[in-house]
Amino acid sequence: MSHFKEVNKKTVYGPVKSWRFGLSLGIDPIFRTSICSFNCVYCQLGQIQEITAKRDEFVKTESVIADYKEVLENHPKIDVVMYSGSGEPTLATNLGEMIDSIRAISPKTPQYILTNGTLLGDEFVAKDLLKLDKVTVKLDAVNEKYFQMINRPAEGVTFESTWQQMVEFRPTYHGEFEVQIMLMPMNKVDIQEFAKRLSELKPDLIQVNTPKRPYPLTWHRENRGNHEKIFDYKVSELKTMNKAEAQEIVDELRELTSLEFQMFS
């Protein structure tokens, strides 16, 4: 068993050294298996085991806090806490409890979340996210066709419903609001529409990524935060665009919107 697997088997995983955030610690409110309202074609977790938009409690808050305290014993100077993990973190009904509990232990440590935005219209989810220092929302497509092709959402989840929730949440949130785009060959045709939507949303930053890891053919918990491309299972290579092509699109979006972009490729 690799060192990566050994440190990636609990509800709290990492820490991972990030050039943007420093020492980043992942919090997994899902944990028991991969559960998400998306089943993205590029997901580092592979095929999502349970595709749903229904909220539930997946792991006890006490278990998360116990794991968090254990990590702090070895890494007392965590720079950032990031809610992500084995699926969509806002599906966890006890997300707010986790945020409050970690804030009580580490009041000065920023808390961030990476969400697909499908539950931003839920009043309880919105209330929880207002407690966070940064919310990063996924926006991989700007029409229903590519939304269904790339994100493959749970039944009943549409692009327009997800988009409207983002638009309505945006003015209520006063922390750092970012958008993350996974740029793929199939969604590069909508640059003008991307620019229009981003100009409406006005995020503080747009992160543009291209897939860096192959798509696992089966789910493995070890893929949470696996930036080291460590895998010993079957994968499928994704069709991606080269760095120059991706940079050209980012430059065009920047010119059309006058917003701040950051590209990872």
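What to note about this one:
- Qualifying position, being at pLDDT below 95 and either among the small types (Gly, Ala, Ser) or over 18 Å from the mean Cα position of the chain (by Cα) (or both), among 186, 182: 186
- The range 240-265 residues that are part of a helix (DSSP H, G or I), paired with ones that are small (Gly, Ala, Ser) and surrounded by fewer than 17 Cβ atoms within 10 Å (Cβ to Cβ) (beta carbon under 9 Å, 6 or more apart): 256/199; 257/199
- The residues of the range 124-162 that are aromatic (Phe, Trp, Tyr) and surrounded by 20 or more Cβ atoms within 10 Å (Cβ to Cβ) amount to a single one, 147.
- All positions within the range 123-164 that are within 24 Å of residue 112 (Cα to Cα), part of a loop (DSSP other than H, G, I, E, B) and not hydrophobic (A, V, I, L, M, F, W, C): 131, 133, 140, 151, 153
- Candidate set: the range 16-59, residues that are modelled with pLDDT of 90 or more, of a type outside the set (D, E, K, R) and in a strand (DSSP E or B); chosen: the one surrounded by the fewest Cβ atoms within 10 Å (Cβ to Cβ): 23
- Members of the range 189-211 that are exposed (fewer than 15 other Cβ atoms within 10 Å of the Cβ), modelled with pLDDT of 95 or more and in contact with a helix residue (DSSP H, G or I) (Cβ under 8 Å, 6 or more places away or on another chain): 199, 200, 202
- Some residue of the range 108-117 being without any contact (Cβ under 8 Å) to a residue 24 or more places away in the chain and under 30 Å from residue 76 (Cβ atoms): yes
- Test result for residue 168, exposed (fewer than 15 other Cβ atoms within 10 Å of the Cβ) and either in a strand (DSSP E or B) or acidic (Asp, Glu) (or both): yes
- Any hit, the range 156-177, residues being farther than 23 Å from residue 191 by Cα, among the hydrophobic types (A, V, I, L, M, F, W, C) and in contact with a strand residue (DSSP E or B) (Cβ under 6 Å, 6 or more places away or on another chain): no
- The range 32-57 - residue that is of a type in the set (Val, Ile, Thr) and in contact (Cβ under 8 Å) with a residue 60 or more places away in the chain and, of those, nearest to residue 11 (Cα to Cα): 33
The values are calculated or read from the model by the stated rules, or taken from the named source; none is laboratory data. This structure is a prediction, so every number in the text was calculated from the model and none was measured. So basically every Cβ, Gly included, is an ideal-geometry build from the backbone, and we count neighbours across all protein chains shown.
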